[in-house]
Amino acid sequence: VSVIDDGLLKFSNLEELVLSANKISEIPAENIPHSLRILELCANQLCSLEGLNKHHLPRLQHLGLGSNNLGSHRDVFHLTGAHWPALVSLDLSDCEFAAQQALLGALSSLPCLRTLVLQGNPLTLTPSYPGFTVDSLPLLSYLDGSQISPEDRHRFRDLAKRSDVISEWAAATVSVCRTRGIPEPLTQMDRNTPDFPVVTYSYYVTYEFLSCHAPVSEDIESEFKCGAALSAHMTDDDADLQSNKKCDQETSATDAPAWMVNTQENSQDITHVLDHSTSKLTWAECLDFSHTTTFIVTDLEGLKRFLNRGLVLRVEEEKVLSWPPASEDVPGAKSNQSVNEKKGGKGKEAPGKSASTKDKSKDRKKKSVTELVQDPPIKRILGSVHVTLQNLLKGHQKVDVLCDLGVLLTENPAKKTNEDKKKDKELKSRGNSGVGQRNTAALKGKGKGRKESEDDNVQLEPLTVEFSVQLEKWNSASEAHVLLLPQQTS
């Protein structure tokens with residue numbers, strides 16, 4: 001259904017009309033019977049309420065407008081008691097209402113309103129929700145499907161009078177904690193590796209989040225008054241860790257460029273989605289990043305779109321090669337010499353010479369990394385995963401996830417290739433001589449073939465990251481505070 005014509009007027013005693021999940025973009029009120037008490041228009045293509053209010057529906061008790069593109073100031077103007085004197089229940093879920101004070105000022109004029117659904121609107125992401133709504137509508141009984149208790153009324157009492165703190169901003173705290181399942185890099189190195197270059201590995205987690213850049217106008221400066229600074233601080237909340245099996249695995253391992261979300265068409269306020277990073281740690285079986293950062297977002301519409309989209313989390317490795325200065329002796333010559341000696345079939349070095357060489361090698365290794373010349377870091381993504389954040393739009397205060405990035409497969413020189421296995425089969429058919437050759441090859445490998453069978457029985461640990469995103473919420477009127485915007489620098 002895309003059009004409501006005057007054919008409905010034939011049903012003069014019609015009391016309930018459900019037109020949800022259609023393609024209706026305009027509602028001519030003159031074509032709706034005045035006897036109607038329930039009108040459901042959820043999940044349509046409505047972008048304005050102007051046509052619905054041209055003719056009053058004095059008996060209407062329930063109006064469902066959820067999942068429509070509504071939220072402008074003109075839409076707020078049409079949600080007053082002058083247009084809906086008998087309205088008891090109003091569903092505005094998953095719309096685009098962001099001006100909290102303006103909307104509640106209009107809804108407070110509805111004399112019979114007892115049930116209200118605002119879940120999924122940008123304004124619900126603010127710290128003052130639901131407290132400001134509860135205190136602004138004293139006759140309201142149900143909000144977002146939950147009954148308002150006397151304790152809720154008491155906790156948020158007089159919050160509606162503090163209009164100076166009811167601002168259109170959100171605070172989201174991102175935490176990255178323990179990471180497990182990164183293979184030890186030293187196990188992949190050959191024992192005969194030369195002293196230089198010195199190879200160092202570090203690991204860190206990157207994730208996407210909003211970074212708002214909006215010019216500060218006089219209206220905003222007057223709205224956000226002096227108070228406690230909220231730039232980046234640390235907070236936590238209790239929630240159960242849930243497995244991130246529901247997270248979609250990212251198949252691409254390339255860095256995605258930052259993307260932008262326009263707050264409005266022809267608007268100068270732009271919200272950037274950028275990559276943020278934890279500190280870098282050296283390898284351990286369990287890396288505890290203890291990373292916590294709070295982001296202040298003033299573009300609530302952009303934040304809603306970002307939460308619907310979700311974010312990408314990556315675990316990255318940084319490898320740095322360090323060399324001695326050009327004027328110093330490079331021990332690589334030593335390794336090349338030993339290789340040539342092996343090829344020429346020469347005997348072992350004299351014990352004294354070998355000992356002196358080892359002492360020099362130890363002295364070189366004692367040199368601090370700062371004295372060495374470092375190559376540009378070599379970075380690679382070990383794994384990535386998509387984290388869904390839609391629960392923050394459904395009334396949840398925190399999304400706490402154990403991200404599972406799968407098992408990392410590392411290159412192991414001890415592993416036999418298919419060609420090696422074919423050669424083994426050929427050697428078996430040759431008898432004992434083949435067995436002797438195979439045993440000789442095993443000795444040259446220093447027992448690595450035996451380790452292969454042992455490693456096959458070890459259950460590999462998947463790469464996991466403890467990750468959470470939490471919205472700041474005021475649990476009482478006493479917790480309300482104002483946002484101090486960062487000072488503008490030229």
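The values are calculated or read from the model by the stated rules, or taken from the named source; none is laboratory data. Everything quoted here is computed from the prediction, not taken from an experiment. As a convention, Cβ positions derive from the backbone with ideal geometry for all residues, glycine included, and neighbour counts pool all protein chains shown. What goes into the accessible areas is simple: the full protein's heavy atoms, side chains included, and nothing from ligands, DNA or RNA. Shrake-Rupley method; radii C 1.70, N 1.55, O 1.52, S 1.80 Å.
Filtered by the rule that a residue be under 19 Å from Thr464 (Cβ atoms) and either open to solvent by 20 Å² or more (accessible area, probe 1.4 Å) or part of a loop (DSSP other than H, G, I, E, B) (or both), the stretch 389-407 gives Leu389, Lys398, Asp400, Leu402, Asp404, Leu405, Gly406, Val407. When Ser149 is tested against (1) under 21 Å from Lys394 (Cα atoms); (2) in contact (Cβ under 8 Å) with a residue 24 or more places away in the chain; (3) open to solvent by less than 40 Å² (accessible area, probe 1.4 Å), only condition (2) is not met. Based on this model, can you work out whether Leu140 counts as in contact with an Asp or Glu (Cβ under 9 Å, 6 or more places away or on another chain), surrounded by 18 or more Cβ atoms within 10 Å (Cβ to Cβ) and outside any helix (DSSP H, G or I)? Taking the combined requirement at face value, the residue does not satisfy it. Among the residues that make up the stretch 117-132, is at least one of them open to solvent by 10 Å² or more (accessible area, probe 1.4 Å), more than 32 Å from the chain's Cα centre (by Cα) and farther than 30 Å from His276 by Cα? No: zero hits.
When the stretch 152-167 is filtered for residues that are under 16 Å from Leu103 (Cβ atoms) and either open to solvent by 40 Å² or more (accessible area, probe 1.4 Å) or of a type in the set (S, T, N, Q) (or both), the ones remaining, listed by number, are Ser163, Ser167.
Residue-by-condition table, conditions (1) hydrophobic (A, V, I, L, M, F, W, C); (2) within 16 Å of Leu408 (Cβ to Cβ); (3) open to solvent by less than 10 Å² (accessible area, probe 1.4 Å); (4) modelled with pLDDT of 95 or more:
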position	(1), (2), (3), (4)
Val174	yes, no, yes, yes
Thr179	no, yes, yes, yes
Val198	yes, no, no, no
Tyr203	no, yes, yes, yes
